[in-house]
1. Would you mind stating whether residue 33 is more than 21 Å from residue 75 (Cβ to Cβ) and in contact with a helix residue (DSSP H, G or I) (Cβ under 8 Å, 6 or more places away or on another chain)?
2. From 62, 13, 37, grab the single residue that is loosely packed, with under 14 Cβ neighbours inside 10 Å and at pLDDT 95 or above.
3. Consider residue 55 carefully, then state whether it is surrounded by 16 or more Cβ atoms within 10 Å (Cβ to Cβ), in contact with a helix residue (DSSP H, G or I) (Cβ under 7 Å, 6 or more places away or on another chain) and either at pLDDT below 95 or under 21 Å from residue 17 (Cβ atoms) (or both).
4. Suppose we filter the range 101-117 for residues that are over 14 Å from residue 133 (Cα atoms) and in a helix (DSSP H, G or I); how many remain?
5. Determine which member of the set 70, 26 is more than 16 Å from residue 115 (Cα to Cα), modelled with pLDDT of 95 or more and more than 14 Å from the chain's Cα centre (by Cα).
6. Considering only the range 72-100, state which residues are part of a helix (DSSP H, G or I) and touching a helix residue (DSSP H, G or I) at 6+ places or on another chain (Cβ under 6 Å).
7. Test residue 93 against the stated conditions and say whether it is on the phi < 0 side of the Ramachandran plot and crowded, with 18+ Cβ neighbours inside 10 Å.
8. Test residue 14 against the criterion of being within 23 Å of residue 126 (Cα to Cα) and under 15 Å from the mean Cα position of the chain (by Cα), and give yes or no.
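The values are calculated or read from the model by the stated rules, or taken from the named source; none is laboratory data. The structure displayed is predicted, hence computed values, not measured ones. Using ideal geometry, Cβ is built from the backbone for each residue, glycine included, and neighbour counts are taken over all protein chains shown.
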């Protein structure tokens, strides 16, 4: 069976993202990198306006875009949670044996490197200050 080039391309891009997350978390465990990326993307997605979530989703590889939108119900978003502990708890629920803060910092670093600077700035400016501080410098100090 032949795989379509678009699927081969998105799989290669997704693997690059997972490699980046794994490197940031200092792990070779691809499943763990995927869990960390998925949990952080979902926590982030649910804390920004639906329009902003859609703009972020548009910059993800096709395969990760599906993961990003999995289970999303934009009608009641963004969540009104204002504390970094609440944000990190959502990551902890999906990655119970991980350091949620390290995971968020790792994924935010990958996002900063792989999506447009304008989109990163928009996302960061929508987040509460405690969550904003988890982004790598100098992004975290903008806005």
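1. So residue 33 passes the test.
2. Step by step, each of 62, 13, 37 is checked, and only 62 is loosely packed, with under 14 Cβ neighbours inside 10 Å and at pLDDT 95 or above.
3. Spelling it out, residue 55 is indeed surrounded by 16 or more Cβ atoms within 10 Å (Cβ to Cβ), in contact with a helix residue (DSSP H, G or I) (Cβ under 7 Å, 6 or more places away or on another chain) and either at pLDDT below 95 or under 21 Å from residue 17 (Cβ atoms) (or both).
4. Of the residues in the range 101-117, 5 are over 14 Å from residue 133 (Cα atoms) and in a helix (DSSP H, G or I).
5. Of 70, 26, the one residue that is more than 16 Å from residue 115 (Cα to Cα), modelled with pLDDT of 95 or more and more than 14 Å from the chain's Cα centre (by Cα) is 26.
6. 74, 84, 87, 88, 90, 91, 92, 94, 100
7. The answer is no for residue 93.
8. No: the conditions fail for residue 14.
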